[in-house]
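This report concerns only the one structure given below.
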């Protein structure tokens with residue numbers, strides 16, 4: 001079988017001898033030429049490797065014979081037509097080399113199970129660890145990639161990185177962040193975050209040191225974490241509770257009477273580029289504009305059977321932004337100031353404004369707004385009791 005394959009691979013020629021075949025075969029034997037399938041009689045002939053056929057001409061002249069080619073077999077004769085199409089052969093070889101090289105790289109990175117984590121955040125984290133299209137598959141360590149991604153997203157319950165061919169699949173599950181249980185194990189007190197008069201007191205743990213109707217100051221101890229039983233034994237606990245107090249707060253805002261507006265000027269330019277395995281290829285000669293322009297982009301990724309390939313097109317539209325100043329009316333400035341104060345109030349925990357008195361003034365092109373408000377809010381704030389361990 002191996003001999004037949006070798007003869008087919010190198011090519012074989014069947015020839016016929018006109019003249020003294022015996023003398024011709026003797027000359028071939030003395031010259032060390034290998035023949036097979038030799039026949040004598042009325043139509044003598046033999047087979048020889050195609051590359052050695054020219055060596056028979058000297059033996060034929062010495063034996064006063066003539067040779068006639070009857071049949072050609074093998075790969076060289078089947079591919080002879082390719083010799084006149086060198087570009088086709090070169091392209092096929094080059095394509096095979098490119099395909100072999102690209103098959104050793106990562107083509108796409110896909111993620112499943114994203115909830116609060118965005119695709120852009122995960123892609124940025126993957127770029128930091130080198131897990132991007134175009135990376136060599138041999139450089140991808142799934143276990144190490146899992147550990148690095150878990151460090152970047154601590155609230156992820158579990159995460160796996162799997163490779164399948166030239167694709168990398170990231171599967172994860174986001175969990176609810178666990179409360180800090182150590183905080184509840186530490187002894188602590190409840191103090192006042194602001195001054196006020198207590199209107200309601202709810203003690204969940206600890207010893208209350210104030211009563212409803214008492215006036216307290218900021219940082220005053222409200223609920224103690226020091227507990228004493230009827231026998232005089234003292235223990236430390238983590239105090240907790242809600243202390244609703246009537247407070248007085250001042251909210252203020254400063255609004256300039258002029259605002260800066262950014263509007264499109266109507267001038268636009270477009271840029272296009274392609275990305276191939278992370279390599280950006282500009283398709284237009286337009287340079288990226290400087291400051292004063294905003295960009296909108298649309299990226300189209302090539303997909304085959306639902307799988308993203310590392311080939312994409314990016315279309316960018318740049319719009320010039322003109323800047324101008326506009327003078328606000330007193331009503332507009334007052335509305336903006338009240339909106340700013342509302343944001344300040346919403347940032348405070350459990351705050352309810354019962355009544356308020358506004359103070360408005362304007363000086364040097366700035367509107368000054370102050371709201372003197374009477375409020376009800378939870379002023380309880382938990383603090384840790386520092387205990388020195390004995391040496």
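One residue stands out among those in the range 72-105 that are under 30 Å from residue 165 (Cβ atoms) and touching a helix residue (DSSP H, G or I) at 6+ places or on another chain (Cβ under 6 Å): the one that is surrounded by the fewest Cβ atoms within 10 Å (Cβ to Cβ), which is 104.
Residue count for the range 141-164 satisfying the condition of being out of contact with any strand residue (DSSP E or B) (no Cβ under 6 Å at 6 or more places or on another chain) and either in contact (Cβ under 8 Å) with a residue 24 or more places away in the chain or more than 19 Å from residue 303 (Cα to Cα) (or both): 11. Residue count for the range 151-176 under the criterion of being assigned to a helix (DSSP H, G or I) and surrounded by 15 or more Cβ atoms within 10 Å (Cβ to Cβ): the result is 1.
Kindly indicate whether residue 64 is modelled with pLDDT of 85 or more, surrounded by 16 or more Cβ atoms within 10 Å (Cβ to Cβ) and either outside the structural domain of residue 302 (by TED's automatic domain parsing) or more than 30 Å from residue 170 (Cβ to Cβ) (or both).
Criteria not met by residue 64.
If you filter the range 5-47 down to residues that are within 60 Å of the chain's Cα centre (by Cα) and loosely packed, with under 12 Cβ neighbours inside 10 Å, you find that the one that is nearest to residue 69 (Cα to Cα) is 9.
Residues checked against (1) assigned by TED's automatic domain parsing to the domain that holds residue 213; (2) under 41 Å from the mean Cα position of the chain (by Cα); (3) farther than 30 Å from residue 273 by Cα; (4) in a strand (DSSP E or B):
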position: 301; (1), (2), (3), (4): no, yes, no, yes
position: 318; (1), (2), (3), (4): no, yes, no, yes
position: 339; (1), (2), (3), (4): no, yes, yes, no
position: 360; (1), (2), (3), (4): no, no, yes, yes
position: 374; (1), (2), (3), (4): no, no, yes, yes
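Going by the structure shown, is residue 50 at pLDDT 85 or above, surrounded by 17 or more Cβ atoms within 10 Å (Cβ to Cβ) and under 21 Å from residue 77 (Cβ atoms)? Answer is yes for this residue. Take the residues of the range 129-140 that are in contact (Cβ under 8 Å) with a residue 24 or more places away in the chain and surrounded by 11 or more Cβ atoms within 10 Å (Cβ to Cβ): which is farthest from residue 276 (Cα to Cα)? Restricting to residues being in contact (Cβ under 8 Å) with a residue 24 or more places away in the chain and surrounded by 11 or more Cβ atoms within 10 Å (Cβ to Cβ), the top hit is 140.
The values are calculated or read from the model by the stated rules, or taken from the named source; none is laboratory data. Small disclaimer: the values here were computed from a predicted structure and weren't measured. Every residue, glycine among them, receives a Cβ derived from its backbone with ideal geometry; neighbour counts consider all protein chains shown.
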